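Participant: Could you have a look at this structure, given as structure tokens, before my questions?
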Amino acid sequence: MIDPAYPLIICLHGSGPLDRNENTKHQKLNIFNELAKALAANGMACFRYDKRGIGKSTGKYISAGHHDLVSDALAVARFFKQSDMFSQIFLLGHSKGTIIAPQLAEKCPVDGLLLLCPFTGKVQDLQKQQALVLQDYIDTAKGFDGWFGRLVYSFSGGVAK
């Protein structure tokens, strides 16, 4: 049984195909898992979830746009808001999650926002930078993943395009 005296922190992912712990197939950051442990040790609950189509979640990640991700997070926030399980609810946005958190709070008021690693430049500049990193990864990836990535992106003129 959950003690309703505990506050809840709902974690909102950064960009990319991230699971509930901010891990991808090729990069294990485990940010949200470590955060959840630290929060629990300090009397706070933490809710993490896989993005649609990632980890144990259903759906298709590749076809989910920004508004779909906001909608998914809204469903989570409303679920907990309608329950009496927690004393307070906070949204913790990491990277792209720092854009989602305020949008979500407008639709479902919460007790506060925690914004980790927000970007301070233009969204377009960030997207270009991320595209260049992904292009470099594809250009240097070995094996089938590298070959297939280069094949797929050759049809569109590259990741940045």
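The values are calculated or read from the model by the stated rules, or taken from the named source; none is laboratory data. On a predicted model such as this, the values are computed, not experimentally measured, just so you know. When we count neighbours, we look across all protein chains shown, and the Cβ atoms used for this are built from the backbone with ideal geometry, even at glycine. Protein only, heavy atoms only, side chains kept; ligands, DNA and RNA dropped before computing areas. Shrake-Rupley method; radii C 1.70, N 1.55, O 1.52, S 1.80 Å.
Participant: Counting only residues 5 or more places away or on other chains, whose amide H sits under 5 Å from the amide H of Gly59 once H atoms are built in the peptide plane?
Facilitator: Close amide H contacts, sequence-distant or interchain: Gly53.
Participant: Let me ask something else. Compute the length gained on full extension between Phe155 and Asp84: take 0.36 nm times their separation in residues and subtract their Cα-Cα distance, giving the result in nm to one decimal.
Facilitator: Values: separation 71, 0.36 × 71 = 25.56 nm, distance 5.16 nm.
Working it through step by step, the gained length comes to 20.4 nm.
Participant: Might you tell me the accessible area per residue for the chain, computed with a 1.4 Å probe and given in Å²? Numbers along the way, then the final one.
Facilitator: Numbers: 10040 Å² over 161 residues.
About 62 Å² of surface per residue is accessible.
Participant: With everything on Cα atoms, drop me the angle between helix 97-107 and the longest principal axis of the chain, reported from 0 to 90° to the nearest 10.
Facilitator: The helix 97-107 is inclined about 50 degrees to the chain.
Participant: Under 37 °C and 0.692 mPa s, how fast does the chain diffuse according to Stokes-Einstein, given a Kirkwood radius computed over C-alpha pairs? Answer in µm²/s, whole number. Walk me through the intermediate numbers first.
Facilitator: Details: Rh = 17.1 Å.
It comes out at roughly 191 µm²/s.
Participant: Considering only protein heavy atoms and a probe of 1.4 Å, how much of the accessible area of the chain is carbon and sulfur, as a whole percent? If you can, show how the numbers build up before the last one.
Facilitator: Working: 5790 of 10040 Å².
About 58 percent, which is the carbon plus sulfur part of the accessible surface.
Participant: Also, quick follow-up: Semi-axes of the stretch 36-107's equivalent ellipsoid from the Cα gyration tensor, sqrt of 5 times each eigenvalue, largest first, rounded to whole Å?
Facilitator: With the √(5λ) rule applied to the stretch 36-107, the semi-axes are 22, 15, 13 Å.
Participant: Shifting gears a bit: Would you please classify the overall shape of the stretch 1-50 from the alpha carbon gyration tensor, given that a ≥ b ≥ c denote the square roots of the eigenvalues, rounded means a/c under 1.5, and beyond that prolate means a/b larger than b/c while oblate covers the rest?
Facilitator: Details: a/c = 3.24, a/b = 2.25, b/c = 1.44.
Prolate, because a/c is 1.5 or more and a/b exceeds b/c.
Participant: Helix 31-41 versus the longest principal axis of the chain: what angle, 0 to 90°, nearest 10, using Cα atoms?
Facilitator: So the helix axis and the longest Cα principal axis differ by about 20 degrees.
Participant: Amide H to amide H under 5 Å from Ile10: which residues, 5+ apart in sequence or cross-chain, H placed 1.01 Å off N in plane?
Facilitator: The answer is Phe47, Phe90, Leu91, Leu92.
Participant: Can you find, among Ile89, Val110, Thr140, the residue farthest towards the positive end of the dipole of the chain? Put +1 on the C-beta of Lys and Arg, -1 on that of Asp and Glu.
Facilitator: Thr140
Participant: So what does Ser15 come to for accessible area, using a 1.4 Å probe and Å² rounded to 10?
Facilitator: Roll a 1.4 Å probe over it and Ser15 shows about 50 Å².
Participant: A follow-up question, please. State the number of lysine pairs found in the chain whose Cα atoms come within less than 17 Å, restricting to pairs 8 or more positions apart or on distinct chains.
Facilitator: 13
Participant: Can you show me the helix-derived [θ] at 222 nm for the chain, built from DSSP H runs with n ≥ 4 at -39,500 (n - 2.57) apiece and divided by the number of residues, rounded to the nearest 500. Numbers along the way, then the final one.
Facilitator: Numbers: 5 runs with 69 residues, N = 161.
Calculated at 222 nm, the ellipticity per residue is -14000 deg cm²/dmol.
Participant: Where the centroid of each part is defined by its Cα atoms, how far is the stretch 75-152 from the stretch 1-68 in Å?
Facilitator: The stretch 75-152 and the stretch 1-68 have Cα centres separated by 10 Å.
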